[in-house]
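**Q** My structure is below; once you've seen it, I'll send some questions.
The values are calculated or read from the model by the stated rules, or taken from the named source; none is laboratory data. For clarity, every value in this text was computed on a predicted model and none was experimentally measured. Glycine also receives a Cβ, built like all others from the backbone with ideal geometry; neighbour counts cover every protein chain displayed. SASA here: full protein model, heavy atoms, side chains in, ligands and nucleic acids out. Shrake-Rupley method; radii C 1.70, N 1.55, O 1.52, S 1.80 Å.
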Amino acid sequence: LGRRQLLLGAMAGAAGVLVPAIGRTLEVATRRLPRVARPVPLSDVRLLPSRYLDALDANRRYVLSLEADRLLHNFRVSAGLAPRAPAYGGWEGDTIAGHTLGHWLSALSLLHAQTGDAEAARRAGYVVDELAECQRRHGDGYVAGFTRRRGDGSVVDGKEIFTEIMRGDIRAAPFDLNGCWSPLYNWHKLLAGLRDAERWCGLDRAVAVARGLGGFVERVLRALDAAQVERLLGCEHGGISESFADLAERTGEPRWLTLAAQLYHHQVLDPLTSRRDELAGLHANTQIPKVLGLARLGALSGRTEQVAAARFFWEAVTRDHSYIIGGNSDREYFQAPRAVARYLSEQTCEGCNTYNMLKLTRELYGSSPAASYFDFYERAHLNHVLAQQDPSTGAFTYMTPLMAGAAREYSTPFESFWCCVGTGMESHAKHGDSVFWLGDDALFVNLYVPATLDWRDRGAVVELTTRYPHEGAVEVRFARLAEPQEFTVALRKPGWCRHALLRVNGHGVRAVEEAGYLVVSRRWQGGDTLALALDLPLRVEAAPDDTRRAAVLRGPQVLAADLGPDEHPYRGPEPALVAADPLPSVRPVDLAASRFRTVGIGQPQDWDLVPFHDQHRRRSAVYFRHVDAAGWAMLRQADAEAEAQAEALQARSVDGIEFGDAAAEASHGLASAMSYAVSYRGRGGRDARSGGYLEFDLRNASREPVALHVTYWGEERARTFEIRVDGIPIATQHLDHDDPGRFFEVEYPISASLTGRSERLRVRIEPHAGSAAGPLFDCRLVRRRDGTVPR
């Protein structure tokens, strides 16, 4: 049933839906919902005990374990000041250094707003003062911590790239600008941190630092023509346009809105304005902040077509590019629309993407408050954001893998500093920021997260208590109300909900259902209580591109098979549910914890199904192979054929190298430059980037003709490289395949003149200039089959 259909006791006309309850029915006024909404200030919301408060507390411990002076190291060095502490490692030891400080400043500010933590506010003030001093030393508005790697390999202050850029020397790659890793992206994080410090900690002096930095960026862009700016924006630049749109709103100075408009990336944003989904193959998190900036710019400038483009993007991503947990991307990139089953890997669902999609959801909801926005928000917030953090340590995942049996890889406290550590610190500092929204005389309740609201305009304290999502009962109580007064309360009815019961002070009400909300307008007084009961149906959702891949949900929660602790690799086949309708055979074990078990339908065994968001340090299966008995027989036959092919290949094998395994690579004499180990679908591989190579030995104990057998991924684009054996070229391989979600194999015959010279063959893989090689998987020396030719 559609979410706008009247479900229980449907009545004709506009009167709405009678939500039944025992006892008499209260008549309430009928009012339309407001056309715009605004979030209540985060500082007016406090979380009550729940899974969300646990995540907040774990995050606070981690955030306060970081040292300001270590994150400020490069900023002080850049300004000619002596650092007070050594820099952190990980990404903070690379040319993107400084991005974490912006995230940390936001996290501190959000923590102060969400909890009132005075230490968080003190540290935020210290950071702003240090940035102001660094900026004063530069004397031209510049302040940054990023560095630049020159052509000779030396690492220097990143400021020097802007002299080159202003004279038109712009060398922009997707993540590199003149030897610096995404400097404008870095500044976006810093500007966002300054905005949050001013907003939530009252640090007005943060605006002066943002103005100064904005002036420096303004001077850089003034030296460029439109084509040069477009070239500049070919390097990841985050939501820096959003930052300047915000600065315009906060200061009332139009110059910053002009600057935001200059930072418009036509190559990506123009197709969206024309309602064209050309996202396949684009780095996902590079695009989402641009669209958020476009939405802010459109809202402030009155350009409705820009807001419409942002809505089109949101609709396309949430409908056609998202997994069941609300996250998106495989290996950080968008795939073709509605292609999910082919991209279930160990590198799905980058954390930053969901962080930014939730920000975009909030932005769009404000100007068009419909519950469907928060249906998505809830799904991603519960099933991805909570899953991203280990609440026992506060560590974060970069990717949240949806490949069956994959383990989540968590950050280390002081050595990672990935982008997703930064956004993770922010996400888990603000779990109360979208629970309540206001519009005219209406209170929207969008998330069922236990919390209290200090509704200052009404002199009210609102308490929301619930064990949702494990139970469907939600209570909203006006613990205090200065005086009896009329207003509207709108409670979101989730799109998956079949039955909803609503009572006020124990009595049923004749509520209006509008835009996905149950709406009650009446004269309220202190002590009044709304009790909402939502059913939590079990259901199956198939992947949009393959009905034989499906996930099981209960209410808003994605359930997953528990495949054991992450220290024990899962060696079994991909889990399956063998039944045309599996739901009757999914039985409750512990409803209070949303734990279930399959009975008689699981293959190769029955499974415990538990909430995915709580499977920390555990291996999971989220998408199951879902077939009836006949389909299962076909799958078993296909699996047997694949196993037979693998056995036949193994029988022909003379020697092979297992990429990514340090011992195996060492025993085969691996040498490389600009080469990285990768893992696709659980298969170890290795690539070589432009200017690099990889080479290794394969032992040749065979007296028969041999070939080099290599497996490649079916979607690598425009990669050309040479393959040599003992220095002699045996093939030039060009990868430009369109075989989604699959591997393919190539065998390269090796001449007898090479194989007869030594029992060890030295294989070298070297990309052509400006290209890359591989990655290569399952690389081995094999006995040749009759008639084997390169493919």
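**Q** If you take the charge dipole of the chain about its Cα centre, with +1 on Lys and Arg Cβ and -1 on Asp and Glu Cβ, which of 443, 143, 754 is farthest toward its positive end?
**A** Checked the options; the winner is 443.
**Q** Assuming 0.36 nm per residue, please report the length gained on full extension of the stretch residue 38 to residue 483 beyond their Cα-Cα distance.
**A** Details: separation 445, 0.36 × 445 = 160.20 nm, distance 2.35 nm.
Gain on extension, residue 38 to residue 483, equals 157.8 nm.
**Q** Same structure, new question: Can you list the aspartates and glutamates whose alpha carbon is less than 20 Å from that of residue 159, not counting same-chain residues fewer than 8 positions off?
**A** Counting by Cα, and skipping residues close in sequence, residue 159 has these aspartates and glutamates nearby: 92, 94, 130, 133, 140, 169, 176, 218, 236.
**Q** Segment 201-260 to segment 338-392: how many Å between their Cα centroids?
**A** 27 Å
**Q** Could I ask something else about it? To the nearest 10 square angstrom, how much accessible area does residue 499 have with a 1.4 angstrom probe?
**A** Accessible surface of residue 499 is approximately 90 Å².
**Q** In square angstrom, rounded to the nearest 10, how much accessible surface does residue 277 have for a 1.4 Å probe?
**A** 50 Å²
**Q** May I ask for the angle, rounded to the nearest 10°, between helix 205-222 and the longest principal axis of the chain, with both axes built from Cα atoms and the value confined to 0 to 90°?
**A** 50 degrees
**Q** How much area per residue is accessible in segment 250-335 when the probe is 1.4 Å and only protein heavy atoms are counted (Å²)? Please report the intermediate quantities before stating the final value.
**A** On the way: 3110 Å² over 86 residues.
Accessible area per residue, segment 250-335: 36 Å².
**Q** Report, to the nearest 10°, how far helix 284-301 tilts away from the longest principal axis of the Cα atoms in the chain, using its own Cα long axis and a range of 0 to 90°.
**A** That works out to roughly 40 degrees.
**Q** Straight-line reach from residue 430: which lysines fall under 22 Å, measuring Cα to Cα and dropping same-chain residues less than 8 apart?
**A** Straight-distance partners of residue 430: 189, 359.
**Q** Give the relative contact order (percent, whole number) for segment 463-577; include only Cα pairs under 8 Å separated by 6+ residues. Before the final figure, lay out each step's value.
**A** Working: 186 pairs, mean separation 29.7, N = 115.
Taking the mean separation of contacting Cα pairs over the length of segment 463-577, I get 26 percent.
**Q** Considering only protein heavy atoms and a probe of 1.4 Å, how much of the accessible area of the chain is carbon and sulfur, as a whole percent? List each step's numbers first, then the result.
**A** Numbers: 14960 of 30240 Å².
Its accessible area is 49 percent carbon and sulfur atoms.
**Q** Given Cβ point charges of +1 (Lys, Arg) and -1 (Asp, Glu) and nothing else, what value in debye, to the nearest 20, does the dipole of segment 201-292 about its Cα centre take?
**A** Details: 10 positive and 12 negative charges, 42 e Å.
For this selection, approximately 200 debye.
**Q** Just the number please: accessible area per residue for segment 396-525, 1.4 Å probe, all protein chains included, in Å².
**A** Details: 3900 Å² over 130 residues.
Solvent-accessible surface per residue comes out at 30 Å².
**Q** Quick one: P(r) of the chain from all Cα-Cα pairs, 10 Å bins, percents rounded to integers, in order of increasing distance.
**A** Bin by bin from 0 Å, the calculated values are 2, 12, 21, 24, 20, 12, 6, 2, 1, 0.
**Q** Residue 734 to residue 540: FRET efficiency via 1/(1 + (r/R0)^6), r the Cβ-Cβ distance, R0 51 Å, to the nearest 0.05? Write down the numbers at each step before the final one.
**A** Working: r = 42 Å, r/R0 = 0.83.
E between residue 734 and residue 540, to the nearest 0.05, is 0.75.
**Q** Whole number in Å², please: accessible area per residue of segment 132-237, 1.4 Å probe, ligands, DNA and RNA not counted. Before the final figure, lay out the partial values.
**A** Working: 4050 Å² over 106 residues.
Each residue of segment 132-237 exposes 38 Å² on average to a 1.4 Å probe.
**Q** Residue 61 to residue 591: FRET efficiency via 1/(1 + (r/R0)^6), r the Cβ-Cβ distance, R0 22 Å, to the nearest 0.05? Show your work: numbers first, answer last.
**A** Details: r = 31 Å, r/R0 = 1.42.
Efficiency, rounded to the nearest 0.05: 0.10.
**Q** Just subtract the alpha-carbon distance of residue 651 and residue 205 from 0.36 nm times their residue separation and send over the number in nm, one decimal. Walk me through the numbers on the way to the answer.
**A** Numbers: separation 446, 0.36 × 446 = 160.56 nm, distance 7.10 nm.
Full extension of this stretch gives 153.5 nm more.
**Q** Under 5 Å between amide hydrogens, which residues at least 5 positions from residue 175 or on another chain qualify, with H placed 1.01 Å from N in the peptide plane?
**A** Result for residue 175 returns 236.
**Q** Taking the Cα centre of each part, how many Å lie between segment 654-716 and segment 281-320?
**A** 41 Å
**Q** Label points 7 Å out from Cα along the Cβ direction at residue 533 and residue 169: separation in nm?
**A** About 7.3 nm separates the two model spin labels.
**Q** Restricting to bridges with both residues inside the chain, how much of the DSSP beta-bridge set is antiparallel, in percent to the nearest 5?
**A** On the way: 133 of 142 bridges.
Once the DSSP bridges in the chain are tallied, antiparallel ones form about 95 percent.
**Q** While we're on this one: Can you give the charge dipole size of segment 167-255 about its Cα centre, rounded to the nearest 20 debye, using +1 on the beta carbon of Lys and Arg and -1 on the beta carbon of Asp and Glu? Walk me through the numbers before you get to the answer.
**A** Details: 12 positive and 13 negative charges, 50 e Å.
Taking the Cα centre of segment 167-255 as origin, the dipole is about 240 debye.
**Q** If one takes the longest principal axis of the Cα atoms in the chain, at what angle in degrees, from 0 to 90 and to the nearest 10, does the Cα axis of helix 183-201 lie?
**A** 20 degrees
**Q** At 222 nm, what helix-only mean residue ellipticity would the chain give, in deg cm²/dmol to the nearest 500, using -39500 (n - 2.57) for each DSSP H run of four or more?
**A** On the way: 20 runs with 245 residues, N = 791.
Counting only the DSSP helices, I get -9500 deg cm²/dmol.
**Q** For segment 566-646, which GluC sites (Glu not before Pro) are both in a DSSP coil and crowded by at most 11 other Cβ atoms within 10 Å? Walk me through the intermediate numbers first.
**A** Details: sites: 567, 641, 643; in loops: 567.
Loop-located and lightly packed - 567.
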